[in-house]
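What follows is one structure encoded as structure tokens, with my remarks underneath.
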């Protein structure tokens with residue numbers, strides 16, 4: 001934690017900020033170890049305060065022993081001046097991508113009440129902490145790898161018991177039950193099981209629709225362990241797939257293999273995205289691949305780096321992200337194949353290992 005705080009303080013100095021209010025839960029956990037659902041971190045060059053309410057006082061002592069604890073009472077505008085007074089900061093950054101309008105207004109009111117020696121100034125920041133989370137430390141990578149193992153084993157087990165007539169919702173429950181039986185903390189996100197025409201909806205939620213023979217079934221799942229996520233998708237088919245199913249599947253599979261085997265340290269997110277996108281475009285399905293190739297995975301299911309056609313994020317050794325091309329055809333269905341990978345020795349290594357293919 002001290003090394004993480006040191007890196008953040010370097011960024012604060014470069015941005016000419018005296019202190020930062022950290023409100024995003026994943027950033028808060030990354031910097032302090034605190035897993036409670038409510039609280040703020042107040043971080044300056046020489047102090048680190050965790051402000052939280054009575055429910056989390058003992059928890060914060062255990063999880064964030066290097067932080068000074070401030071017990072909050074009332075709303076943000078009431079307690080913030082006392083919590084922040086000892087930091088001596090005049091220029092405060094805040095996480096603009098997370099703080100609500102109501103919280104921002106309360107923070108502004110608190111600043112007005114702290115103006116005895118000159119009113120402190122608020123400065124909006126974006127992605128001040130999240131870039132620090134991009135390259136995973138060994139302990140972080142171990143948790144993602146374990147979550148990926150649980151996810152992969154679960155999908156292989158469930159794929160073997162799926163049968164025509166089973167509902168999407170029943171299939172999702174089989175996945176979620178097995179996650180818990182295998183020791184997962186819970187779900188990294190709501191499980192997606194999308195059959196037939198529903199598979200054309202990238203984020204379809206399971207319904208009572210029965211699985212049918214010969215149609216595509218997109219299954220997107222991810223276990224969570226120790227706060228760290230996994231994200232994996234496989235497209236299945238019960239019974240014999242027809243020529244169109246095979247053609248679309250083979251196109252997506254080829255695009256994914258191209259990206260997996262070619263993505264490299266030093267590429268931008270846009271360059272990585274183009275590896276799979278050009279493959280799909282050459283096959284005539286370019287307009288049916290409407291989302292990005294991938295995204296970072298860690299404490300949050302979607303985090304940096306971004307692998308999209310406009311991303312200038314540079315890929316580095318130790319980053320963990322997804323590679324997930326897809327084709328979606330309204331009224332027919334869709335295919336997506338996704339793995340969580342880590343960049344090692346210049347290239348990608350898949351952490352998710354469930355079986356691929358239609359046979």
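Readers should treat all values here as calculations from the given coordinates under stated rules, not as data from a laboratory. Since the model is a prediction, treat every value here as computed from it, not as a measurement. Heads up, the Cβs are rebuilt from the backbone with ideal geometry, glycines too, and the neighbour counts pull from every protein chain shown.
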Checklist entry - Roughly how many whole Å is it from the C-alpha centroid of region 280-332 to that of region 230-248? => result 19
Checklist entry - Sorting 221, 69, 275 on the 10 Å Cβ count, fewest up front, what's the list? => result 69, 275, 221
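Based on the mean of other beta carbon atoms within 10 Å per residue, what is the order of 153-159, 54-60, most packed first?
Descending packing order for the listed peptides: 153-159, 54-60.
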Checklist entry - Under a plain spin-label model, where a point goes 7 Å from the Cα along Cα-to-Cβ, how far apart in nm are residue 203 and residue 13? => result 4.0
Item to check | Gyration tensor verdict on region 2-133 (Cα atoms; rounded if a/c is under 1.5, prolate if a/b is larger than b/c, oblate otherwise) | outcome: rounded
Checklist outcome for this item: Eigenvalues of the alpha-carbon gyration tensor of region 109-193, times 5 and square-rooted, give semi-axes in Å, largest first, of 46, 18, 11
Checklist entry - What is the Cα coordinate range of region 138-350 on the first, second and third principal axes, sorted by size from largest, in whole angstrom? => result 47, 43, 21
Next on the checklist: Give me the one-decimal nm value for the distance between modelled label points at residue 349 and residue 142, 7 Å along each residue's Cα-to-Cβ direction.
Outcome noted: 1.5
Next on the checklist: At 7 Å along Cα-to-Cβ for each site, give me the label-to-label distance between residue 105 and residue 124 in nm.
Outcome noted: 1.7
Item to check | Choice from 27, 82, 231 showing the highest fluctuation, given a GNM over the chain with Cα pairs closer than 10 Å | outcome: 82
Checklist outcome for this item: For 128, 111, ascending order of other Cβ atoms within 10 Å (fewest first) is 111, 128
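Would you order 311, 32, 148, 278 from fewest to most other beta-carbon atoms within 10 Å of each residue's own beta-carbon? Show your work: numbers first, answer last.
Working: 311 21, 32 25, 148 29, 278 13.
Ordered from fewest to most neighbouring Cβ atoms within 10 Å, 311, 32, 148, 278 come out as 278, 311, 32, 148.
Based on the Kirkwood radius over alpha-carbon pairs, what value in µm²/s does the Stokes-Einstein equation return for the translational diffusion coefficient of the chain at 25 °C and 0.890 mPa s? If you can, show how the numbers build up before the last one.
Numbers: Rh = 22.1 Å.
Result for D is 111 µm²/s.
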Next on the checklist: If I fit a long axis through the Cα atoms of helix 2-14 and take the longest principal axis of the Cα atoms of the chain, what angle between them do I get, 0 to 90°, rounded to 10?
Outcome noted: 70
Checklist entry - What shape does region 207-278 have by the C-alpha gyration tensor, where a ≥ b ≥ c are the square roots of the eigenvalues, rounded means a/c under 1.5, and otherwise prolate means a/b greater than b/c and oblate the rest? => result oblate
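Counting each DSSP H run of 4 or more residues in the chain as -39500 (n - 2.57), what helix-only mean residue ellipticity at 222 nm follows after dividing by all residues, to the nearest 500 deg cm²/dmol?
Taken over the chain, the calculation gives -11000 deg cm²/dmol.
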Checklist entry - Quick one: if the Förster radius is 30 Å, what FRET efficiency do residue 6 and residue 309 give, using the C-beta to C-beta distance and rounding to 0.05? => result 0.30
